Amino acid sequence: MRQHFRWATVAMIVVLVIINYIDRSAVSYAVKPLEAEFGIDSADYGVISSAFSIGYMVFAFLAGPLVDKFGPRRILLVGMVFWSVATAITPISGGFTGLLLIRIVLGAGEAPGFPAATRVISRWLPSVERGFALALVGGVAVSGSLLIGGPIVTQLIASLGWRGMFWVLAALGVLWALIAVGLLANTPAASPRVSEAERTYIESGQLAEETSERQEKVNWRRIFTNRNLWIVGVGYFAWGYIFWAFMYWLPEYLSTSYHLSVKQVGAFTVAPWAAGVVGALIGGVLVDKVYARTGRIRSRFTIMGIALLLAGAALIPIVSAPSLVTAVVFISIGVGCGFVTGGIWWVAAIDAEPSQPGTAAGFADACFALSGVAAPLVMGFIVQSTGTFASGFVVMVVLALLGAGLMLFGTREPEREPETTEAQATTIS
């Protein structure tokens, strides 16, 4: 009897996110050859990096309703095809304009990933298990992909050249899609691999509106008037600005500020993303334990607020151009604290609007993507005009403090019927 297939489904989503983030961040390790091949400068690279998030932001918002209507399986498979093709043709883009368009397509293809992942988690897991699962998806998988992505991508570049690196990554996306065709289902009821006992357990920990197969009509008024969802969006923008800035500019920062080689950069980028993995795991376990003890949704905002506050404070020492060791240590602390929130954004989005998890997640993800437009663009122009990263780090600190304040003091506890009883929350053996 299969009683834990839901975690195999979660594993499929985790692998999807790992491929997703390695693909989107790979360009940051190919800045020098891209600049040499296509004649672009730091400001151009900032614009190209932001182009990804423009496509991502628009289609993340649109993907939410599509996921709720058609189910995550179909949307994820189509998205994977688009972003794998975009990854494959990046080396033959021809110049600035071609790179710009390809990054927009890549962003559009990857955009459905988190709205669909959120829908999968809300339909495949009871609420008591979602904090840890979404920490794996939104935190561990993201930071883990960048942890292993740096060494993998730099080794691929060293072995196969920067063009070969993009082609290998595209092939991995196609492989995932082929496996997902046979294993991924929209709901436990649609999967022949889920036992009746596991199906009953999952449904016992869900709200009535979370057991449906699809949402036929999006209630936009509930989305746009949802106070907690707006705060999730603003907070996610604040953390996202820090995340995107480091994802796109950390290799270049280490290379130019400390004169490191490509392989050395790959080695030194391990520490921040390793700290992110630890932070995401802590956040996932903590949010589930605190929620199980208090039953208060607002407890999640408190955890996020404290984590953002610590993340912002940790970045203050790197403003003054410290030594390499000091910079890596404090960046790692900041990233680790930030990733405590990694999966909680998705839990909070589901809690804010449980009947429309894909749309709510799409709204939050669009805010996150907006920060992905702003961060690399602003950092690119700062570096181009000043020759340093200091002012960019100041912007990160200010946004972290703003997000922390909203999380801690701006949220309300929603009125809701109890989701499950203590007996229902007991894990089946």
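The values are calculated or read from the model by the stated rules, or taken from the named source; none is laboratory data. Since the model is a prediction, treat every value here as computed from it, not as a measurement. All Cβ positions, even for glycine, are placed from backbone atoms using ideal geometry, and neighbour counts span all protein chains on display. Surface areas here come from the heavy atoms of the whole protein model, side chains and all, with no ligands, DNA or RNA. Shrake-Rupley method; radii C 1.70, N 1.55, O 1.52, S 1.80 Å.
State yes or no: is residue 327 farther than 22 Å from residue 137 by Cβ, free of Cβ contacts under 8 Å to residues at least 60 places away in the same chain and either open to solvent by 10 Å² or more (accessible area, probe 1.4 Å) or aliphatic (A, V, I, L, M) (or both)? Quick ask: steps written out before the conclusion?
Details: farther than 22 Å from residue 137 by Cβ: yes; free of Cβ contacts under 8 Å to residues at least 60 places away in the same chain: no; either open to solvent by 10 Å² or more (accessible area, probe 1.4 Å) or aliphatic (A, V, I, L, M) (or both): yes.
Criteria not met by residue 327.
Scanning the range 292-313 for residues that are in a loop (DSSP other than H, G, I, E, B) and not basic (Lys, Arg), which turns out surrounded by the most Cβ atoms within 10 Å (Cβ to Cβ)? First the steps, then the outcome.
Within the range 292-313, the first condition is being in a loop (DSSP other than H, G, I, E, B), and the residues that meet it are 295-297.
Next cut, not basic (Lys, Arg) only: 295, 297.
Numbers: 295: 11, 297: 18.
Checked the range 292-313; the qualifying residue surrounded by the most Cβ atoms within 10 Å (Cβ to Cβ) is 297.
For the range 263-279, which positions are under 20 Å from residue 248 (Cα atoms) and in contact with a Phe, Trp or Tyr (Cβ under 7 Å, 6 or more places away or on another chain)?
Matches in the range 263-279: 272, 276.
Does residue 109 meet the test of being at pLDDT 90 or above and buried (at least 18 other Cβ atoms within 10 Å of the Cβ)?
Details: at pLDDT 90 or above: no; buried (at least 18 other Cβ atoms within 10 Å of the Cβ): yes.
The answer is no for residue 109.
Given the options 181, 168, 174, 128, name the one that is touching a Gly at 6+ places or on another chain (Cβ under 6 Å), open to solvent by 20 Å² or more (accessible area, probe 1.4 Å) and either assigned to a helix (DSSP H, G or I) or under 24 Å from residue 248 (Cα atoms) (or both). Write out each step before concluding.
Details: 181 fails: touching a Gly at 6+ places or on another chain (Cβ under 6 Å); 168 fails: touching a Gly at 6+ places or on another chain (Cβ under 6 Å); 174 fails: touching a Gly at 6+ places or on another chain (Cβ under 6 Å).
On inspection, the qualifying residue turns out to be 128.
Yes or no: residue 209 outside any helix (DSSP H, G or I), charged (D, E, K, R) and at pLDDT below 85? Give the steps one after another, and end with the answer.
Details: outside any helix (DSSP H, G or I): no; charged (D, E, K, R): yes; at pLDDT below 85: yes.
No.
Return only the number of the condition from (1) surrounded by fewer than 22 Cβ atoms within 10 Å (Cβ to Cβ); (2) at pLDDT 90 or above that residue 336 does not satisfy.
The failed condition is (1).
Per-residue answers, yes or no, for (1) of a type in the set (Phe, Trp, Tyr); (2) over 21 Å from residue 378 (Cβ atoms); (3) touching a strand residue (DSSP E or B) at 6+ places or on another chain (Cβ under 9 Å):
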residue: 218; (1), (2), (3): no, yes, no
residue: 231; (1), (2), (3): no, yes, no
residue: 241; (1), (2), (3): yes, no, no
residue: 252; (1), (2), (3): no, no, no
residue: 310; (1), (2), (3): no, yes, no
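Can you name the residue in the range 147-165 that is open to solvent by 10 Å² or more (accessible area, probe 1.4 Å) and among the hydrophobic types (A, V, I, L, M, F, W, C) and is also modelled with the lowest pLDDT among such residues?
My answer is 147.
Note down all Cβ pairs under 6 Å where the first residue falls in the range 57-82 and is open to solvent by less than 50 Å² (accessible area, probe 1.4 Å) and modelled with pLDDT of 80 or more, the second is among the basic types (Lys, Arg) and part of a helix (DSSP H, G or I), and they're at least six residues apart or on different chains.
Pairs found: 67/119; 72/119.
Would you tally the residues in the range 34-56 being outside any helix (DSSP H, G or I) and either open to solvent by 30 Å² or more (accessible area, probe 1.4 Å) or under 30 Å from residue 349 (Cβ atoms) (or both)? Give the steps one after another, and end with the answer.
Here is the first cut: in the range 34-56, the residues outside any helix (DSSP H, G or I) are 39-41.
With the extra rule that they be either open to solvent by 30 Å² or more (accessible area, probe 1.4 Å) or under 30 Å from residue 349 (Cβ atoms) (or both), the set shrinks to 39, 41.
Qualifying residue count, the range 34-56: 2.
Which of the numbered conditions does residue 367 fail, given that it passes all the others? Conditions: (1) modelled with pLDDT of 85 or more; (2) over 14 Å from residue 61 (Cα atoms); (3) under 15 Å from the mean Cα position of the chain (by Cα).
Every condition holds for residue 367 apart from (2).
Residues to consider are 360, 375; find the one that is assigned to a helix (DSSP H, G or I), under 16 Å from the mean Cα position of the chain (by Cα) and at pLDDT 85 or above.
Values: 360 fails: at pLDDT 85 or above.
After applying the criteria, what remains is 375.
Please count how many residues of the range 383-404 are surrounded by 15 or more Cβ atoms within 10 Å (Cβ to Cβ) and assigned to a loop (DSSP other than H, G, I, E, B).
Residues that pass the stated criteria total 2.
State the number of residues belonging to the range 370-379 that are more than 13 Å from residue 59 (Cβ to Cβ) and open to solvent by less than 10 Å² (accessible area, probe 1.4 Å).
Adding up the residues that qualify gives 4.
Are there any pairs, at least 6 apart or on different chains, whose C-beta atoms fall under 8 Å, with the first in the range 168-181 and closer than 18 Å to residue 24 by Cβ and the second acidic (Asp, Glu) and at pLDDT below 95, and if so, which?
What qualifies is 169/23; 170/23; 173/23.
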